[in-house]
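**Student:** Below are the structure tokens for one structure; questions will follow.
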């Protein structure tokens with residue numbers, strides 16, 4: 001507890017308060033804007049924060065963006081039936097129905113309060129669980145880490161939209177991680193004789209190219225969202241009945257979200273979908289679900305925020321990111337020369353506890369920022385993409401150039417952007433590729449260490465109880481899509497049916 | 001044309017897409033595997049630089065082969081998206097091939113133009129194409145783009161001390 005209080009002491013300095021506020025504002029803005037997300041925004045800001053050289057400030061900023069993205073995503077889901085974030089897709093089902101019935105203000109309020117409660121619960125759980133988990137993780141060997149990283153990749157593949165395509169992307173990411181000079185033998189690999197490729201593919205350039213540039217390219221060819229059917233939020237107010245009905249879903253969503261968030265690869269969308277599915281089963285008002293039930297907003301919105309807090313746990317304690325956003329944050333840690341994992345709490349305790357404290361603070365700022373300023377956030381939807389696109393390209397270009405002062409990096413940025421466009425055009429997800437790229441060198445290192453330790457006996461991979469259990473779990477989870485598919489399809493069908501009804505009403 | 005016929009067209013497209021994706025995976029896996037075989041495999045207990053890549057190549061070929069089995073490819077496809085998987089749902093993003101070619105040229109033009117003409121002009125190129133493709137308004141957005149670009153240049157050059165290629169606000173001016 002004293003460590004957390006020290007974290008608050010750090011965060012409450014004026015410059016960090018300002019950065020937390022900036023993160024919250026930026027996060028909410030990117031959450032509102034469809035297409036942009038926390039991973040894109042953080043990757044765009046990486047070069048700037050590297051230049052500033054203050055890791056504490058950078059991570060306070062990133063924490064605000066991460067949580068803010070979850071808050072902002074609900075606004076457009078409810079008022080426009082367009083999810084700002086994929087994690088808010090499920091919110092459109094009941095949230096937009098509530099808005100159509102004149103209860104948009106109540107939907108926004110339950111989303112914001114649920115997000116606040118869930119964010120606080122998840123951060124508290126993170127603070128409480130982190131230290132005991134560190135004590136366990138310190139005893140982990142190379143095989144255990146290898147198993148955990150493989151579990152992360154298996155989960156990303158299993159829970160992706162198309163598991164085989166996700167698996168292919170994971171492998172492609174791992175392949176890209178092998179480009180450059182082999183750290184153990186000094187041998188050049190897949191550089192085609194180019195000195196520039198000797199250092200490998202910079203993760204920051206890959207993240208910006210694949211996420212930001214490909215988004216710009218796709219946005220250029222996409223019709224702008226029609227905001228003409230934007231529904232006024234009305235008075236931001238909940239009745240006593242709505243408070244009563246929201247309470248249990250907030251709690252359930254917080255718990256589900258944190259647990260799902262801790263699992264690498266599952267992420268906020270899955271947390272929200274599971275929460276919605278559970279509300280459909282346990283809520284006394286389940287017959288209203290899909291027609292504007294407040295439980296359908298309160299639960300998923302709490303879950304997607306709690307998952308953000310949960311996903312920080314494997315990142316900080318084990319050094320294993322479970323999502324694109326946490327993968328970008330891991331790259332940021334690496335950029336600052338900070339190694340995540342159990343030793344992080346001993347070697348950079350001040351930084352970790354400042355990050356955790358900033359998440360509490362960011363949550364308070366977000367709820368204060370979001371409720372009174374809903375109408376302002378909605379105005380962001382009117383920024384034309386023809387304006388937004390060059391801005392993103394300019395920030396991307398300057399940011400990437402500033403890393404190594406190299407025009408070659410700019411070319412790589414564009415090539416990766418085009419690769420991202422082609423992959424997305426063909427339904428290949430990019431998050432698994434990014435995770436593969438960032439985890440690739442770690443997996444290879446741990447595999448080599450394990451085999452050296454066992455004198456080449458591959459049986460060592462199943463020698464530890466932790467590794468055996470985790471690998472078995474990974475194998476089982478590869479078949480999870482078959483089991484989870486039914487739930488996902490049911491929710492999606494509801495969503496599609498709902499969208500169809502909305503279109504009919506509008507026309 | 002019957003409804004069933006209409007529905008079968010996207011399905012056929014998707015099948016063709018899956019076959020093409022599988023073919024690319026297998027081809028890439030084979031090429032990468034062949035290149036990995038040229039690297040030392042290591043000695044007993046010590047993996048060489050070619051071993052891990054070779055394992056990846058085998059895995060990619062296997063995944064590509066599984067994509068060719070319709071039961072795997074279709075039966076496992078779902079619509080739940082990953083956290084940042086805003087791009088997962090098949091068919092959601094489908095710019096035309098000509099547009100992709102134009103955009104590729106524009107982005108390459110942006111990179112090539114920047115060191116010579118500076119960031120403001122290259123940003124205007126992206127802006128012009130974006131405006132043309134989206135049929136958005138011109139003058140106000142162009143002014144905002146330029147103001148934004150110069151603000152970013154100022155932040156990086158004057159704030160962070162990073163000299164950018166092309167037009168520079170730092171002493172020395174145009175490089």
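**Student:** Just checking the output field for A:274-287: average partner chain Cβ neighbours within 10 Å of each residue's Cβ?
**Tutor:** Mean partner-chain Cβ count within 10 Å for A:274-287: 0.
**Student:** While we're looking at this one, here's another question. Angle, helix A:465-477 long axis vs. longest principal axis of chain A, Cα atoms, 0 to 90°, nearest 10?
**Tutor:** It is inclined by approximately 50 degrees.
**Student:** Going highest first, how would you order A:415-427, B:29-41 by mean Cβ packing within 10 Å?
**Tutor:** A:415-427, B:29-41
**Student:** Note down the nm distance, to one decimal, between modelled labels 7 Å out along Cα→Cβ at residue A:476 and at residue A:191.
**Tutor:** Result: 4.5 nm between the two label points.
**Student:** Counting helices only, and only those DSSP H runs with n ≥ 4, report the 222 nm mean residue ellipticity of chain A as the sum of -39,500 (n - 2.57) divided by its residues, in deg cm²/dmol to the nearest 500.
**Tutor:** Value at 222 nm, helices only, nearest 500: -24000 deg cm²/dmol.
**Student:** Say R0 is 22 Å: what FRET efficiency, to the nearest 0.05, do residue A:455 and residue A:184 get from their beta-carbon distance?
**Tutor:** With a Förster radius of 22 Å, E is 0.85.
**Student:** Can you tell me the 0 to 90 degree angle between the C-alpha axis of helix A:349-370 and the longest principal axis of chain A, rounded to 10?
**Tutor:** Here the helix axis deviates by roughly 20 degrees.
**Student:** Go through A:325-334, A:243-252, A:130-139 and give me the packing order, highest mean Cβ count within 10 Å leading.
**Tutor:** The most tightly packed comes first, giving A:325-334, A:243-252, A:130-139.
**Student:** Per residue of A:419-429, what is the mean number of Cβ atoms on other protein chains within 10 angstrom of that residue's Cβ?
**Tutor:** If you average over the peptide's residues, the count of other-chain Cβ atoms is 6.
**Student:** Next question. Compute the angle between helix A:163-177 and the longest alpha-carbon principal axis of chain A, please, reported from 0 to 90 degrees and rounded to the nearest 10.
**Tutor:** Helix A:163-177 sits at roughly 40 degrees to that axis.
**Student:** On to the next question. Looking only at other chains, what is the average number of their beta-carbon atoms within 10 angstrom of each beta-carbon in A:399-407?
**Tutor:** 3
Read-outs: derived from the displayed coordinates by stated rules, not from any lab. Remember, predicted model here, so these are calculated numbers, not experimental data. So basically every Cβ, Gly included, is an ideal-geometry build from the backbone, and we count neighbours across all protein chains shown.
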